[in-house]
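Here the structure is laid out as structure tokens; the discussion comes afterwards.
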Amino acid sequence: MTRKPRVFSGIQPSGNLHIGNYLGAIQQWVAGQGQKTNFICIVDLHAITVPQNPADLRRQTRELAALLLACGIDPQQTTLFVQSHVRAHAECSWVFSCITPLGWLERMTQYKAKAQKQESVMTGLLTYPVLMAADILLYDADEVPVGEDQKQHIELTRDLAQRFNYLFGETFVIPKPVIRESGARIMGLDDPTVKMSKSETARGHAIRIIDDPDEIRWAIKRAVTDSFNEIRFSDDPERAGVNNLLQIYELLTGRSRPEIEAHFAGKGYGALKRELAEVVIEALRPIRERYYQLMDDPAELDRILAIGAEQARAVAEPKMTLILERVGFVLPKDRR
Ligand code: ATP
Ligand code: LTN
């Protein structure tokens, strides 16, 4: 019997989940449930690569779990778990860091961008992709659905898997990134030249998944457009603002591009913005409602995460034992 393809992805509990995260990643995770074996990991170990307030981190971890469930992640079909609940992630990351050339990490564009924003850069920010490789490879994942910004990290994961296999014998599946064409990179509403980001907290930059209708209308109304006054999809950087609004519309309505362009033919940007705001509000309404229900029952949330952690350990632990064995460690009794 051939095994079902394995899907693994991760998301940081850094707060402010936005429609870029939803359209670039979470929506794909939800759509892929059922046909494949899915693992979704709340990567708290990754979150601390930049300073975090402990109380905020703990709250945001539960909030993110509730948000993912509210977005449609079904714990019956997906193993949803917290990274720090499965010790193998940190353990494997150490082993990998010992076979990762420094130059590979120094080249990472996300590292360079994030390092620039920090007053002093911690080692974990540099070794972040090594931990990410551990996440993916421990589960023998075939596919990693992510937004465009993560492509380079997955390439590094592939290189690392090949290197380990070469040094210590066939151990890891080589995973491939799965990146959607539309939605892979949702841009900031206030600046369509930069990706919508959790860490950019200026009002009007992002639409957060739990924003209320007035806030959503406010942000879309002020979204940066251009002076062409023509509603069509385009790769032209000067039309990036309108293209971004159209992509959001496309992904939330499921309508085709020609259909959307025909629908808006002859209309102005004001009309596009008004209609888009209502589409976004209606798409997010059930998610927001479900989120508040889930947040009312923290014991149930913790129960779901405990089951997820157990299922994840059942896969990661034996794999970790194999890794330790391949590297040449004497296995302790409880690992044999
Ligand atoms: P930050 O911008 O602060 O680094 P983030 O918004 O990228 O955070 P992550 O937890 O790192 O948040 O990302 C979760 C998932 O969302 C990843 O798969 C990432 O590729 C995707 N993603 C993030 N921002 C966007 C975006 N603007 N468009 C599409 N996908 C995105
Ligand atoms: N680095 C990713 C989050 C992440 C991830 C992973 C994604 C951590 N581990 C494993 C896919 C697979 C990010 O910042 N979006």
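The values are calculated or read from the model by the stated rules, or taken from the named source; none is laboratory data. These numbers come from a predicted model, not from an experiment. We place every Cβ from the backbone using ideal geometry, glycine too, and count neighbours over all the protein chains shown.
Assorted remarks:
- Counting only residues that are out of contact with any strand residue (DSSP E or B) (no Cβ under 6 Å at 6 or more places or on another chain) and touching a residue at least 24 places away in the same chain (Cβ under 8 Å), the stretch 244-259 holds 10 of them.
- Filtered residues of the stretch 127-142 (kept if among the small types (G, A, S), touching a helix residue (DSSP H, G or I) at 6+ places or on another chain (Cβ under 7 Å) and within 16 Å of ligand 1 (Cβ to nearest atom)): A133
- One residue stands out in the stretch 127-146 among those that are farther than 19 Å from W94 by Cβ and within 7 Å of ligand 2 (Cβ to nearest atom): the one that is farthest from the chain's Cα centre (by Cα), namely V144.
- Residues in the stretch 29-52 include none that are in contact with a Gly (Cβ under 7 Å, 6 or more places away or on another chain) and among the small types (G, A, S).
- For the stretch 231-263, a tally of residues being surrounded by fewer than 18 Cβ atoms within 10 Å (Cβ to Cβ) and over 19 Å from T193 (Cα atoms) returns 10.
- Per-region count, the stretch 1-20, residues within 8 Å of ligand 1 (Cβ to nearest atom) and β-branched (V, I, T): 1
- Some residue of the stretch 206-218 being surrounded by 17 or more Cβ atoms within 10 Å (Cβ to Cβ) and free of Cβ contacts under 8 Å to residues at least 40 places away in the same chain: no
- Leading residue by the ranking (nearest to ligand 2 (Cβ to nearest atom)) among those in the stretch 1-22 that are among the aliphatic types (A, V, I, L, M) and surrounded by fewer than 24 Cβ atoms within 10 Å (Cβ to Cβ): I11
- Matching residues, the stretch 168-180, being over 14 Å from L137 (Cβ atoms) and more than 12 Å from ligand 1 (Cβ to nearest atom): G169
- A Cβ distance below 7 Å, combined with a sequence gap of six or more or placement on separate chains, defines the contacts here; from the stretch 61-88, residues that are under 16 Å from Y22 (Cα atoms) reach residues that are charged (D, E, K, R) and surrounded by fewer than 20 Cβ atoms within 10 Å (Cβ to Cβ) in the pairs A70/R290.
- Residue in the stretch 24-41 that is small (G, A, S), away from ligand 1 (no atom under 16 Å from the Cβ) and surrounded by fewer than 23 Cβ atoms within 10 Å (Cβ to Cβ) present: yes
- Every pair of residues 6+ apart whose Cβ atoms lie under 8 Å, when the first sits in the stretch 32-43 and is touching a residue at least 60 places away in the same chain (Cβ under 8 Å) and over 11 Å from D142 (Cα atoms) while the second is more than 16 Å from ligand 1 (Cβ to nearest atom) and part of a strand (DSSP E or B): F39/R6; F39/T79
- Exactly one residue out of E170, E181, E278 is charged (D, E, K, R), loosely packed, with under 15 Cβ neighbours inside 10 Å, modelled with pLDDT of 95 or more and not in a helix (DSSP H, G or I), and it is E170.
- Conditions (1) exposed (fewer than 12 other Cβ atoms within 10 Å of the Cβ); (2) at pLDDT 95 or above; (3) not aliphatic (A, V, I, L, M): number failed by R313: (1)
- Scan of the stretch 96-126 for residues that are surrounded by 15 or more Cβ atoms within 10 Å (Cβ to Cβ) and away from ligand 1 (no atom under 16 Å from the Cβ), ordered by number: F96, S97, T100, W104, L105
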